[in-house]
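Take a look at the structure below.
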Amino acid sequence: MRTYLIAACLLALWLTLVSWQTATVPEKLSDYGFFTGDPVRQQPAAGVVPYTLNTPLFSDYAEKLRFIKLPPGQSVAYNDTAVLHFPVGTTLIKTFYYPHDFRHPAKGRRLLETRLLVHQPDGWKALVYVWNPEQTDALLEVAGDTKTVQYVDARGTARQLAYGIPNLNQCKGCHNRQEVLTPIGPSVRQLNGDLAYAGAEKKENQLRHWQRTGMLTDLPPLADCPKTPVWDQPETGSLNDRARAWLDINCAHCHNPRGPAMTSGLNLSIGETNSTALGILKTPVAAGRGSGGHAFDIVPGKPEASILIYRLYSTDPGDRMPELGRKTVHTESLELLRAWIKAME
Amino acid sequence: MKPALLLLTTWLFASTLYAQSDVQKRYQTKLILADDGSTIELDAGRFTFTSSLSLQDKKRIVIRGKGIDKTVLSFKGQTDGAEGLRVSNGENIVIENLTVQDTQGDGIKTMNVKGITFRNVKVEWTGPPKSTNGGYGLYPVQCDNVVIEGCTAIGASDAGIYVGQSRGIIVKNSKAYHNVAGIEIENSRDADVFDNEAYENTGGILVFDLPDLVQKKSGNVRVFNNYVHDNNLPNFAPEGNIVATVSAGTGLLILAANAVEVFNNRFIRNQSTGTGIISYLFTQRPITDKAYYPFPTAVSIHDNIYERNPGPAIARSELFALILKTGSEIPHILYDGIVDPATLDSNGKPLPERRICIRNNKNQSLINLDAGQGFKSMARDAAPFDCQLPPLKAPALNAR
C-alpha cells in the first residue's frame, strides 16, 4: 500500500513538474469557451468580440469569421502606423469556412479550421484547430492537413478544392516580422469600417464600438483615422489605393523589408514609395521559373508582361504567389491589379 | 477555460502514433517538436511528400538520413509549398546524408540561419534538364557560416548550389551538373569555393553581385582547385532571370563582384568563355539602386589551366562573331573593359588595389571587349593585366 502511495506521489510530482515546464494547450477548441450554443453558428461568448477587415487576405475563397478576446479589464492603445499592440492575454480567433452555396448562405456551411493567435508573456503563439466532420468541435493539429472541399461559387458553378490547413511552422511563414510571430490584420486602418453587431439596430464603426466598450483608448476623431479602402468597392478608394491595399494585406506580410521575402528586394507594403522596390521595372532575383519568362515584376501599362500578374494567376506550386493559402485563381483581384498596371504610365 | 488540459507534448506524441501511415505528418511533426540540440533521424527508403517540410526557430539540430540515394525525399507531384525542405531562423543546423528530389520550386532553402551545414546531400530534378525544374538546389540565403560539402546538385533551372546574401561560406568537394549555373555565389561575402567539380552546366561557377537586394555588396570570394569542365549545356533558365543571360559554354563568370581570387582551377572545354569578367552595365539592365556598385574590381585570375577544343563559340551570339574577327580562336578569358572612372588615377591608370589582374595561367589568352565604347577597340593584349593582387584570406567560419 505504502509503495503505491509513494508511486502515486512521485507520479503526481512528475506530472506537476512536466506540466510546469511545458506549455499547456487545450486539445479541443471548445475547452476555451469562446463560443456559445451550436458551434457551427459561431456565436461569441461574453468578452469575445467579432471584427472584420476592410480588405482581407484571399484564402481560396474561404470565408472567415474573426473575433478578438482581450484580457478582462484591459484595452489596446490607438496607433495608426502598425497592427495594434494588443496586451498579453489577448487571443485573436479566426474561423475558416465555406458556405455550401455562396449564393444561398442559408443552405449552411462547413467549418474547416479555427486559428488562434495567443499573446503569451513570451510572445504570440499560433495554434490551429481542425473542425471534425460532425461540426461539433475542433481539435488541435500541429502538422497541418489537407481537406477536400466542395461548394457552389457565387456564379453557381460547382467547385472542388484540396484545402490546405497550415502546420504550425507555416503560420509563421506569413505571421513573421524579423522572425517574430506577429498578427497581420487588425490595424486601425483595416478596422476603420462598419460592422453589424448582434442586437444592434444599425451598423457601427468598429473603432468607435471598441472605444465605446472600453477596448480601445486614445481614439482621435474618426475623420483623422487612416482607412484602408475596400478593394472591390470603387467608392471607397481610387484604383491605386485599392490595388495597394490589396497588395499590402495579401503580399506585404512577406514582401516587406523585415519579412520572409526580404531577400527578393520586392516590398509591397502600403507605405513603399520607391518604385523599384514596389516592383516597377524591377528585375527578379530568385524567381526561377516564377518569372514566367518576363523581365520585370511590373511593366507599366503591360499587365500581361508583368511577373506579378503571372505569379498571382499561376496555380503551379512552384510559381504561384502567395506561396501558401492560394491554390485557386482569384479572378476578381486580378482584374483590379491588371487595371492598376494598365493605368500606369 | 475548462480544467481538462492536456500537455502539448503528450497529445502530440499520441497523434504521432495515429499518424504513422502519413509520412508527411510524421516527419513534419518531428521537425516541429524537435528539442534544441536533438538529431532527427530519417529512415532509409523513398518517401513522397505533397507539401514542403519546414524547420524553424531551432538551435543545434541535425537532420540526418541514411545516405545519399538511401534516404530519398521525393516531392514529385507536390501541391503545397514551393520548396522541399525549408529551414528558417535557426542556429547551427546540419542537414546530411539524404537526397531531395523533384521539388516544385527550390530544393532546400535555408534563411536566417547562423551556422548551416549541408553534408552529403543530393538535390536533383530527375529527367532531362528543363525550364520547369525548380530554381535552386541548395539555397542558403541571408545565412552566416555556411558549409556545403560532399553535396551534389543536378538539374536546377537556375543554380544547383546557390549561396545568396550570406556571410562566411565554404563550398567544397561538391558536384554540380546539368544545371543552368553549377555553383553560384551571389551578393555574399567571405566565401571559399574549392575542390568542386562543375560540369555540363550552362555556366560552371558564377560570382555575382546584383542590385536591389538587402545585402548589397559581395566580396572576398576565392575560387580555387576546382575542375570546371564541359559547361556547354544550352541555357534552359526561364527568361527574366539573370542566369538566363549566361552563355552556354561558360566556365566561370564574375559579374560586378569585388575582391575575387581565382587560382589553381582547371577550366576545360568550356566552349565559349573559360572565364568572363563583366560589369552589370554589360547586361544592359536598368540600375535604379543608388547603393549598388556595378563594376567588378580587384579580381585576380592566376595559375589556372585553360583548355578548349578548337572552333567557334558554342554560344552563337553577335558578340562571339565580333570576337572571332580579332583572331582565329576565342580567347579563354573575356573582360568587358567597362571601368569605373573612380578607380583610375589622374593619368587614367587603374589604381593598383582595384585592378583586374590576369597572370600565370596555362594557355592564357584574353580579350578586353571595350564594351563601354561599343566594342570599338577590342584588344588581346595581356600586358595591361599582368599584375598581382595580394592573396585573399580564407573566411573565418564558425560552423559545425
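At least 1 residues that are closer than 15 Å to residue B:277 by Cα and of a type in the set (Ser, Thr, Tyr) in each: list the strands (runs of 3 or more DSSP E) lying fully within segment B:292-377 that qualify. Those strands (runs of 3 or more DSSP E) span B:297-302, B:333-335. Yes or no: residue B:31 touching a helix residue (DSSP H, G or I) at 6+ places or on another chain (Cβ under 9 Å), more than 13 Å from chain A (Cβ to nearest Cβ) and surrounded by 16 or more Cβ atoms within 10 Å (Cβ to Cβ)? No: the conditions fail for residue B:31.
Residue pairs whose Cβ atoms lie under 9 Å apart, separated by 6 or more positions or on different chains, with the first residue in segment B:63-81 and at positive phi and the second part of a strand (DSSP E or B) and among the basic types (Lys, Arg), are B:69/B:122. Summed over segment A:189-235, the residues that are in a helix (DSSP H, G or I) and under 19 Å from residue A:69 (Cβ atoms) give a count of 8. No other residue among B:25, B:76 is within 14 Å of chain A (Cβ to nearest Cβ), at pLDDT below 95 and under 21 Å from residue A:163 (Cβ atoms) apart from B:25. Within segment B:214-240, the set of residues being under 19 Å from residue B:177 (Cβ atoms) and either outside any strand (DSSP E or B) or within 14 Å of chain A (Cβ to nearest Cβ) (or both) comprises B:225, B:226, B:230, B:231, B:232, B:233, B:234, B:235, B:236, B:237. Among the candidates B:100, B:147, the residue that is more than 12 Å from the chain's Cα centre (by Cα) and within 18 Å of residue B:49 (Cβ to Cβ) is uniquely B:100. Considering segment A:252-290 alone, what residues qualify as being more than 7 Å from chain B (Cβ to nearest Cβ), β-branched (Val, Ile, Thr) and within 26 Å of the chain's Cα centre (by Cα)? Across segment A:252-290, the qualifying residues are A:270, A:273. Between B:175, B:130, the distinction of being within 12 Å of the chain's Cα centre (by Cα) and surrounded by fewer than 22 Cβ atoms within 10 Å (Cβ to Cβ) belongs to B:175 only.
For segment B:296-340, residues that are at pLDDT 95 or above and on the phi > 0 side of the Ramachandran plot total 3. Segment A:110-175 holds strands (runs of 3 or more DSSP E) entirely within its bounds, and those carrying 2 or more residues that are within 18 Å of the chain's Cα centre (by Cα), more than 11 Å from chain B (Cβ to nearest Cβ) and surrounded by 15 or more Cβ atoms within 10 Å (Cβ to Cβ) map to A:123-131. Taken over segment B:327-371, residues that are hydroxyl-bearing (Ser, Thr, Tyr) and within 12 Å of residue B:385 (Cβ to Cβ) amount to 2. Listed conditions (1) within 14 Å of another protein chain (Cβ to nearest Cβ); (2) more than 25 Å from residue A:26 (Cα to Cα); (3) loosely packed, with under 15 Cβ neighbours inside 10 Å; (4) not basic (Lys, Arg) are all met by residue A:179, apart from (3).
The values are calculated or read from the model by the stated rules, or taken from the named source; none is laboratory data. Here the structure is a predicted model, which is why all the values come from computation and not from measurement. Every residue, glycine as well, gets a Cβ built from its backbone with ideal geometry; the counts of neighbours run over all protein chains shown.
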